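The structure appears right after this line, and notes come after that.
The values are calculated or read from the model by the stated rules, or taken from the named source; none is laboratory data. What you see is a predicted model; the values in this text were computed from it and never measured. Don't worry about glycine lacking a Cβ; one is built from the backbone with ideal geometry, like all the others, and counts go over all protein chains shown. Remember, those area values only see protein heavy atoms, side chains included, never the ligands or the DNA or RNA. Shrake-Rupley method; radii C 1.70, N 1.55, O 1.52, S 1.80 Å.
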Amino acid sequence: MLAAERRNQILEILRRDERVLVGPLAEQFDVSEETIRRDLANLEQLGLAAKCYGGATLAESRNAPPFRVRKKLNVEEKKTVASLTAQLVDDGDFLMLDDSSTSYFVLRALHGKKGLTIVTNSIEIILELSGLHENWKVVSTGGNLDQDVFAFFGRQAEETIRSFHVDKAIISCTGLDFDGQFTEAGIENANIKQAMMASSRETILAMDSHKFGRTAFLSVGNLRQIDVLVTDADPGQEWREFLAENHVRLVTTGKR
């Protein structure tokens, strides 16, 4: 197993349990305790973990992790979500894509669609589109550049978004809790997503299944503002019933 893969798995354990210990991790991954300590130090440098005696705890952050970090997490799950989401997009659609790493994978899954117009605050998405899809139109929101998140935020970005009316907004989130709230780590991320929801005829929440039951710092909205939720695995009967009660269409692979 590559070091990056091991660190991603350690991060998922941290997000689930909120604390990890060096010894058990060393046994689980069949590596030395010193290797695990280096892994935890790496996660701490990225602002994702806080080292403590014997292990580490999940870092409490009010900001989204850098895009370069999010882009490498749960890649297979995001690719599955992206493939399912792309099936909901029709030729000629006007779309909004947020700055999430999930939206980046959705964009890549849209190859082959014709006549799309895409409004986005994500520089990564704009760069991906550079020189490609001559029959696509791309609109950048502009605004204040966040070099870590690699996206535009602020009043200008939000006003640009609200000046459009599109067919579908495709957004992601940090977590979805059983109060029906989907949440984000940073206020600027939340504001962009809220503006996109307000400017679209249909809102698609695309998220990997690790985010069920998680809560971040700020509420973006509630499930009744969502039309479709796309995820990579069946979230279970309780979640299916909860989504149905809130009139949200669930699109998934059916895998548990």
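Where strands (runs of 3 or more DSSP E) fall wholly inside region 175-234, the ranges with 1 or more residues that are open to solvent by 10 Å² or more (accessible area, probe 1.4 Å) are 181-184, 200-206, 218-222. Considering only residues that are surrounded by 14 or more Cβ atoms within 10 Å (Cβ to Cβ) and among the basic types (Lys, Arg), which ones fall in region 109-148? If the condition is that a residue be surrounded by 14 or more Cβ atoms within 10 Å (Cβ to Cβ) and among the basic types (Lys, Arg), then Lys113 is the only one that fits.
What are the residues in region 17-50 that are within 24 Å of Leu176 (Cβ to Cβ) and either in contact (Cβ under 8 Å) with a residue 12 or more places away in the chain or surrounded by 15 or more Cβ atoms within 10 Å (Cβ to Cβ) (or both), if any? I'd like the intermediate steps shown before the answer.
Taking region 17-50 as the starting set, the residues that turn out to be within 24 Å of Leu176 (Cβ to Cβ) are 17-20, 43, 46-49.
Residues satisfying the conditions are Glu18, Arg19, Val20, Leu43, Leu46, Gly47, Leu48, Ala49.
In region 200-214, which residues are farther than 16 Å from Arg249 by Cα, in contact (Cβ under 8 Å) with a residue 40 or more places away in the chain and touching a strand residue (DSSP E or B) at 6+ places or on another chain (Cβ under 6 Å)?
Residues of region 200-214 that are farther than 16 Å from Arg249 by Cα, as a first pass: 200, 210-211, 213-214.
Filter once more, keeping what is in contact (Cβ under 8 Å) with a residue 40 or more places away in the chain: 200, 210, 214.
Listed by number, the residues that qualify are Ser200, Arg214.
Is it the case that region 86-94 has a residue that's surrounded by 17 or more Cβ atoms within 10 Å (Cβ to Cβ), modelled with pLDDT of 90 or more and of a type in the set (Gly, Ala, Ser)? Within region 86-94 (the criterion being surrounded by 17 or more Cβ atoms within 10 Å (Cβ to Cβ), modelled with pLDDT of 90 or more and of a type in the set (Gly, Ala, Ser)), the answer is yes, since at least one residue qualifies.
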